[in-house]
Amino acid sequence: MIWHKKILRQLTLALLARSRPEALQHRGEQYVLRAFRRAASRMPAYSKILAEHGVNPHEIRSIADFKSLCPTLNKNNTFARFPLDVLCVKSALDKLAGVLTSSGHGARFGYGLSTRVQANHASDAIDLGLEYAFQ
């Protein structure tokens, strides 16, 4: 491991150890809302699903709004309905590094895509989580 990654991991673990669970949850909720806004504005399929359910993305101001107003996505209302190019932020396909598919159980496949940047950070994030959880 490069020394600066090791130092960053130690600092992150120290910060997590001092953080209140409520603060971590709030931060996670802010990430969810940011991801929601990005998807609602830049992913044609998600915009369509929201419109079909009468959800105005500008009215989603809190995690409670998100949980109560936004429809749950599943294989049938996403992957079975839309082609890949409208399920993604357009620039993401240009940076595609990996595809993770579901088992296809139930006659429908789902998949997750990751960009090169996400793929580069994935192993560090997994290692950090394991170290935090299990020392």
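Output the pairs from Lys5/Lys75; Lys67/Lys90; Lys48/Lys95; Lys6/Lys95 with a Cα-Cα distance over 30 Å in this structure; if there are none, say none. Exceeds cut-off: Lys5/Lys75. Here the Karplus relation 6.51 cos²θ - 1.76 cosθ + 1.60, evaluated at θ = phi - 60°, turns the backbone of region 47-52 into coupling constants of 4, 5, 4, 4, 4, 4 Hz, with x for every Gly and Pro. Taking amide hydrogens as placed 1.01 Å from N in the peptide plane, the amide H of Ala97 sits under 5 Å from those of Ser114, Thr115, Arg116, each at least 5 positions away in sequence or on another chain. When the chain is treated as a GNM with alpha-carbon contacts under 10 Å, the residue of His105, His121, His26 showing the greatest mean-square fluctuation is His105.
In the context of the full set of protein chains, residues of region 27-101 present 64 Å² of accessible surface per residue (probe radius 1.4 Å, heavy atoms only). Multiply the residue gap between Gln10 and Lys95 by 0.36 nm, knock off their C-alpha separation, and tell me the result in nm, one decimal place. Net length gain for the segment: 27.6 nm. Choose one of Pro57, Leu130, Leu11: the residue whose Cα lies farthest towards the positive end of the charge dipole of the chain (beta-carbon charges +1 Lys, Arg; -1 Asp, Glu; about the Cα centre). Projecting each Cα onto the dipole axis, the largest value belongs to Leu11.
Per-residue ellipticity at 222 nm from helix content only, as computed over the chain with -39500 (n - 2.57) for each DSSP H run of at least four residues, stands at -18500 deg cm²/dmol. For the chain, the fraction of 1.4 Å probe accessible surface lying on carbon and sulfur atoms is 60 percent.
In sequence order, region 111-123 has phi-based couplings of 8, x, 10, 9, 7, 4, 4, 4, 5, 5, 8, 4, 5 Hz under the Karplus curve 6.51 cos²θ - 1.76 cosθ + 1.60, θ = phi - 60°, and Gly or Pro positions carry x.
A simple rule links phi to the HN-Hα coupling: the Karplus curve 6.51 cos²θ - 1.76 cosθ + 1.60 with θ = phi - 60°, which for region 62-68 gives 9, 5, 5, 4, 4, 5, 8 Hz, with x for Gly and Pro. Shape class of region 41-102 from the Cα gyration tensor (axes a ≥ b ≥ c, square roots of the eigenvalues): prolate, since a/c reaches 1.5 or more and a/b is larger than b/c. For Leu73, the accessible area of its heavy atoms, probed at 1.4 Å with every protein chain present, is near 90 square angstrom. Placing a label point 7 Å from the Cα of Arg61 along the Cα-to-Cβ direction, the residues of region 1-34 with a backbone N closer than 17 Å are 30, 33-34. Relative to the longest principal axis of the Cα atoms of the chain, the long axis of helix 3-18 lies at roughly 80 degrees.
In a reduced charge model with +1 at each Lys and Arg Cβ and -1 at each Asp and Glu Cβ, the chain shows a dipole moment near 200 debye about its Cα centre.
The values are calculated or read from the model by the stated rules, or taken from the named source; none is laboratory data. As the structure is a prediction and not an experimental result, all values here were calculated from the model. Counting neighbours? That spans all protein chains shown, and the Cβs are built from the backbone with ideal geometry, glycine included. With ligands, DNA and RNA removed, areas are computed over all heavy atoms of the protein, side chains included. Shrake-Rupley method; radii C 1.70, N 1.55, O 1.52, S 1.80 Å.
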